[in-house]
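Below: the structure, in structure tokens.
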Amino acid sequence: LSQGNESSRDYVLGVDVGGTNIHIGKANRDCVPLKVKRYATDARNQEALIAGIMGSMERYLAEAGPPAPRAVGMGLVGHVSVAEGVWENAINISVTRPVPLCATIRAKFGLPAYIDNDVNMAALAEMTFGAGKSHADFAYINIGTGISAGLVSNGKIVTGASNYAGELGHMVCDGEEHVCKCGRKGCLEPLASGGGMIEMAKKAVQSARDSSLARYVQDGSLHAGTIFREAEKGDPIAGSIAEKAMSALENAVVNLVNLMNPSLVVFGGGAIEKDFILNRLTDFVYQNALPVAAKGLQGIRISALDPSLVGLIGASRAAWDGLGMT
Ligand SMILES: [Zn+2]
């Protein structure tokens, strides 16, 4: 092979599969996403979902033309077995039976594929470009519909025995009688995730129709950000939900900092967008974490990466890592 051919094939395909959209893009060795395209996720059932992912990749590659990429990296929601290349299950998109995704991609496209969950991909993106670049030990906490964390220790993602480490959303951090989907009471996720806060607001406005949240519940436009904004304006229902969320999150981050001794905590997912939330959280963590853990923590930040590209960057990095080319 000539040098020119070699370098022209020097890209991988990054695929980020979300509940609503599939983002696909090329990425060079530096994991810079190029020619990103968006396709709709067909989440009617498992067959449609997998066919939709394969079809989107086929369309993308047909439009891109030769040469073929070296590999595919793919970020997915739910539980992923990295070594086996299997998408085990997902709750928000219906994956109820394990999908041998890497084998399917290899059979259809003749390409090696590397898959992982979306939060580990985001942590990889932070390792590549973000705040995690200068930190070998950090936690990336994603707060969206749910809450989970990508943990990086000694420059490596903490996988656990089943690639299931980082389920921060199911850490109990409040004693109240609030039953989580997992069956325990007082989990972080139903209290402080976007999805959890919206559920609490829906329940609360049933008996408090004069709350300013009622109209947002009615027209379906309620977001965690709205709850924080209305809390700031003085709505008591919003205030109570925001306070519960903040308090639970503060305790969860202290627990995490004590447990893993990171030098940095990064938030992604868009739920924490206001300075006062971050400032209050930061004060609480420094005051309440164990002294040595607090001293080792250099900061708590909001991710500076483009939320629409973070999954693609991580997936591309996973592909290069998988090829042993990083
Ligand atoms: Zn739980």
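Values for this structure:
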| read-out | value |
| --- | --- |
| Positive-pole candidate from Ser94, Phe109, Gly132, dipole of the range 73-152, charges at beta carbon | Phe109 |
| Cut-off 17 Å (backbone N to label point 7 Å along Cα→Cβ of Glu273), residues of the range 191-229 | 193-198, 216-217, 220-229 |
| Residue-averaged [θ]222 nm for the chain, counting only DSSP H segments that reach four residues, each worth -39500 (n - 2.57) | -13000 deg cm²/dmol |
| Partner aspartates and glutamates for Lys202 [C-alpha distance under 14 Å; skip if fewer than 8 residues away on the same chain] | Asp210, Asp219 |
| Along the chain, longest interval not containing exposed GluC sites (Glu not before Pro), exposed being DSSP loop plus at most 16 other Cβ atoms within 10 Å | 178-272 |
| Neighbour-count order for Asp219, Asp321, fewest beta carbons within 10 angstrom listed first | Asp219, Asp321 |
| Relative contact order for the chain, counting Cα pairs under 8 Å that sit 6 or more residues apart, in percent | 20 percent |
| Chymotrypsin sites (Phe, Trp or Tyr not before Pro) within the range 202-287: DSSP coil, no more than 15 neighbouring Cβ in 10 Å | none |
| Qualifying chymotrypsin sites (Phe, Trp or Tyr not before Pro) for the range 96-173 [loop in DSSP, other Cβ within 10 Å: at most 16] | Tyr164 |
| Restraint check, Lys133/Lys295; Lys35/Lys274; Lys133/Lys274, Cα-Cα greater than 26 Å | Lys35/Lys274 |
| Given the chain, longest segment not containing exposed loop trypsin sites (Lys or Arg not before Pro) (DSSP; at most 15 other Cβ within 10 Å) | 45-180 |
| Inter-part distance where the range 230-265 and the range 75-130 are each reduced to a Cα centre, Å | 30 Å |
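The numbers here are math on the coordinates, done by the rules we state, and not lab data. Source: prediction; values computed, not measured. Cβ sites come from the backbone with ideal geometry, for glycine too, and all protein chains shown count toward neighbours.
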